[in-house]
Every structure is written in C-alpha cells, then in structure tokens.
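This report concerns only the one structure given below.
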C-alpha cells in the first residue's frame, strides 16, 4: 500500500509538470496570435483594408527627361516642357470601349479617335500605360481626376515633351522628335523598354536621331497600388530615371539666325566654319520649317504642303544635297597640276573661247575667250579653257586624289541625317558604277567641276578651310557632352607645298579684290577683313550647238528648274583666316550675282559678330543692304536654364 501511494504521488507530479508546460505553450501561442492580430488589425489595417478591396501592385516605367541641347554660348535650342496627358491601362480598365465612351463626355474624343486608341491599346501589353490624350489643359485634367471612380484604368499624368525655343532656325540641324512607331521598332535594334511605351518620343532626324541613345536617358521604375477599378491608390516606392546627356553644339545661334534670314525666299544653303578648329558655326538651309509642329502633331494639310513644295524644305541642303561644284572646283584641278609639275604658275594657255578635244568642242563661259592666261588670271577671271588644258595633262586620277585631300568626295562624320559623300570620280568608279570606260571628255568636264563631280556645301566649306590653313581640318558639330569637351579631329598638314597653296590663296584674293575678278562686285572694304573667294556656276541642262549658234538663253529667261546653280566659297580675313564660308543657291543663275553677295554678307556677320557697318560694303550695295535688313527678323537670344526645362 505504501508503494502504491508513492507511485501515485510521483505520477501526480509528472502530470502537474506536463500541464504547466502545455499551459505555458498555449499561453505563448495565444500571445503570439494576439500580437499578430494586433499588427494585422491595427498596424497594417490600412494596407489590408486596401487589399480587401482587391488591390494590386503594378510596376510602371518612369520616362527620363530628355537631354537638353545648347548652342556654343549656352542658348537653349532643344528643351523640355511640362505636358498634361491622359493614359489608360488595359488590365485595369476592363471594357476599354465603355471607358472611352464615358471619358468622351468629359473631354472631346471622336469615334475615329476611340477606334484608333482601342487598336493601339490592344497591341500593347495589358500592363503598359497607353497615352490616349496629349497636351491637355489643366481644366480637362481636373475633370478627369474628379471623375476617376467612374473611369477605371484612366489616369492623368504630368510628363515632359520636347520643345524647340529657336524654332525653324535649327530645324535641319537639330531635326525633331516624334512618337515611336512600328516602323521605328523594326529599323532599330534597341531593346530599351522605353520604346514600348506608346507615344514615347524619339529622335526622327538630325542631331535628335543621331544622338538618340545618349539624349534619351534611362528609365526609372515605380510600384503603384491600384484598386479593383484600376484607380491608383498610392505609390509604394520608386527608382528615379536617369536624364539624358546635355549636349552643346558648335553652332552660334545669332549667326545661324542671320544665315537663315539671309537665305529666306530662295532654295539655298550656307555653311560657316571655323578654319582653326573645324567648328561648324552655322548650317543654313532654306526654306525651313518649324520642328515644334512635328512634336505637337502636324496636320495632314500642313505636312503635304511641306512635302509638295518644289523648294524641298525637308532637305538639309547644306549636308544632304550634292551639286556639281562648277568653278569652285578649279582650285583642285590647279593644285593637282601644279603639284605634279605639268604646269607652273607663270606658264600661259591660249583661250579662244573653246577647246577642241577628240572632235568635240568644249566651250569657255566667255564666248570671245580670255586670250593668254596664266594661273592667277585663270582663277581671277575663271577661264574654263585653262583648266581643260591642264586637266588633260595631269589626268583624272590625280585630280580625284587632290579633291579628297581637300575634303571633297569624302563623307565627314557629322551627326546629322543623310550626310552626303559627294563624288570625286575615277576611271575605276565609272567602270563599276556606269559599266563604261572613262573617256577624255569626262576629264575635261571634271576639270571645271561638271560631269560626274558632286559635292555638298559643307564639303566646299571644308575645302575652303583646308586651302586657308594647309591642314586637314575636320568639321565638328558637337562641342561638349555633359560638360566634357569633344576632341578636335584632323588638323594634320595636308602635305601640299606651302608655296603652291600661297599662289592659290593669292589667286582667290584677286577673285574678290581685283578689278575684273568675278566676285569683285561683292568685295569687303577695309584691309583687316578682306576675303579670298571663288565663284562657281554649274549647269543643270545641256546647251545644244543650235542654241549656241543663236545665242545661249539667259538664266532669267528659263524656267526656274532649268537655271544654273550659283556657288561661292571663301575664307576671311585673308591675312589671318578665321572663317570659311560656302553658299549654294539652287537655280540661282551666276555665282557672282546670286551666291557671292550672300556669302559676303554672312562672312561680315561672322567677322563682326553683329550687323557690320555699311562702310564694309561697296557704295553701290548700301541701299540694298539697308532694305534687306528692314525685312529680316533678326532676334536676340538668352542663355538657357536647366532648372526651368527639367521641371
């Protein structure tokens, strides 16, 4: 009995310890549950109340601010402005058509627009916000926001849109941006998710297109919470986007504005280049257009008007178009012959108004001829026969090689659309591209910049700069990126005998400053700023023997499309060259009458940095200059600001 009592007592102690252990465990569990219930019901009550309404978390891209573009002095030429827009997310909207119908009661959306929006939305991922209305007024945005509960998936946003403060002056240099299209996605190999955002703006032409990737920047992300009807409830977190690079151009906006005004009313182009650095100070092309129209949405009527204009405003004539350089090419032919030693500067050629070559008569522009002509006189009076003669001695291969040394027939690395290579033809080129052998008449034509020879105004400016310096100056359009200076390119000696270059420069000086020179009427007065230049006139039609017999028809009596192109190249000041200028006036007639006065005026503007005094012009031109100035819309530009454009 005693043993039984002891066993009973021990068993009871064990039960008591187990009970205490189990009870303690239960209390601890209840405490944990109680604490967790407190966290869920009090600390996280708002979060779970939203989740109870079937909230979801979406990850959305944050488009970066596009990089700003300035001129060489800090004037803003491409910036960003605030833009109110309405976007829709298909997954959150549900019945997109019904939502758009309700939205149309608040803001104007036509049935045609609704159909286009539905098509665009269906092509995109259900999670991708699609911009359906752009450049909204604050009143429209407020109305949409106030009615958000009835518009699932619809959100009003504030973004940035491109703006070009200088407008048409930079249209061909900067180009413009526009909404990314299916065609863009097919032609570019870029996996950037930003390109999947409908209506995301990318560069279409010009610097905007060529520097698209660095200007674009990198996307950020944000996590937002939306409720069952697609309304954004709150932003949970975000990683900010990285803005695009800021770019500084070499262009001088004041000079660019002057050039565009001086070219107005013509199909023409002009390039101004710093002969030391290669900086492109102005790249003008007329007519031009307002690039802001393409950012904001150009009408079909306005677009067709630009497209059908015979003066081709869309073309950047200064870098895209190529022309027979005419007599501006004569320096090339002369240097090739002088360097080869087939002629010296004192030797004369007899010009009787034409030269017979292989039973074909090649005419000089002066029907009666120039008589005995040495090198200086040949360039001063632009005698064609002189260059026919020396070209036959030196041959096309050496002429072509000299052209390329001077920058012709070479595609220069400038970030603009469709930069032309031009053509310095050779015998092999003709066989490969025309399937024919080179003939002696081809060399004669090439000698005076006709036939197969083609060059752009920018190439002609490069040629003038190289003649002025004797160095392989390369054109530069980008001065710096994010404050880091872009390196200069080229600049090595051309390897042309300096004495020969000096003779060419003296001959070019006589063109503009000696009586009888083809550009004497467009000279600059004042020894400090005198320029050296060369006129050029390139034919765009064949003059028949019958027409020559009865008298060549004057340009002004021909339809515009059949008139000669007018060209002029120069550098100044002659004694200490700073700027090289090239001007081409399409179907302008003679280089001395149409292109030389424009080039002279642009050169003076570059030299003075402002409107030059009338005393710099010959007396006969001063009244015309005053009249032209009154018609010009010259503007004053202020330095841009980062803060206002990144707001």
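The values are calculated or read from the model by the stated rules, or taken from the named source; none is laboratory data. What you see is a predicted model; the values in this text were computed from it and never measured. Every residue, glycine among them, receives a Cβ derived from its backbone with ideal geometry; neighbour counts consider all protein chains shown.
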Please specify each residue of segment 340-381 satisfying the condition of being assigned to a loop (DSSP other than H, G, I, E, B) and closer than 20 Å to residue 537 by Cβ. 353, 364, 365, 366, 367, 368, 369, 370, 381
Looking at this structure, is residue 416 part of a helix (DSSP H, G or I) and closer than 20 Å to residue 582 by Cβ? no
Pair list, Cβ under 7 Å, 6 or more apart: segment 521-532 residue at positive phi, other residue surrounded by 15 or more Cβ atoms within 10 Å (Cβ to Cβ) and modelled with pLDDT of 95 or more: 526/616
Any residue that is free of Cβ contacts under 8 Å to residues at least 24 places away in the same chain, over 27 Å from the mean Cα position of the chain (by Cα) and assigned to a loop (DSSP other than H, G, I, E, B) - is there at least one of those in segment 577-590? no
Residue check for residue 623: loosely packed, with under 15 Cβ neighbours inside 10 Å and outside the structural domain of residue 262 (by TED's automatic domain parsing): yes
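Here is a yes/no grid of residues against (1) in contact with a helix residue (DSSP H, G or I) (Cβ under 8 Å, 6 or more places away or on another chain); (2) surrounded by fewer than 17 Cβ atoms within 10 Å (Cβ to Cβ); (3) under 19 Å from residue 440 (Cα atoms):
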{"position": "332", "(1), (2), (3)": "yes, no, yes"}
{"position": "355", "(1), (2), (3)": "yes, no, yes"}
{"position": "370", "(1), (2), (3)": "yes, no, no"}
{"position": "386", "(1), (2), (3)": "yes, no, yes"}
{"position": "389", "(1), (2), (3)": "no, no, yes"}
Hey, among 437, 413, which residue is in contact with a helix residue (DSSP H, G or I) (Cβ under 7 Å, 6 or more places away or on another chain) and over 21 Å from residue 343 (Cβ atoms)? 437
Answer yes if at least one residue in segment 394-407 is over 27 Å from residue 494 (Cβ atoms) and at pLDDT 95 or above, and no otherwise. no
Checking the condition at pLDDT 85 or above, over 19 Å from residue 196 (Cβ atoms) and surrounded by fewer than 20 Cβ atoms within 10 Å (Cβ to Cβ), which residue from 145, 104 passes? 104
Would you mind stating whether residue 611 is assigned by TED's automatic domain parsing to the domain that holds residue 408, in a loop (DSSP other than H, G, I, E, B), over 28 Å from residue 335 (Cα atoms) and in contact (Cβ under 8 Å) with a residue 24 or more places away in the chain? no
Kindly check whether there is at least one residue in segment 67-82 that is farther than 30 Å from residue 279 by Cα, in a strand (DSSP E or B) and at pLDDT 85 or above. yes
Is there a residue being assigned to a strand (DSSP E or B) and within 15 Å of the chain's Cα centre (by Cα) anywhere in segment 251-268? no
Would you be able to tell me the number of residues in segment 331-348 that are touching a strand residue (DSSP E or B) at 6+ places or on another chain (Cβ under 7 Å) and within 28 Å of residue 595 (Cα to Cα)? 1
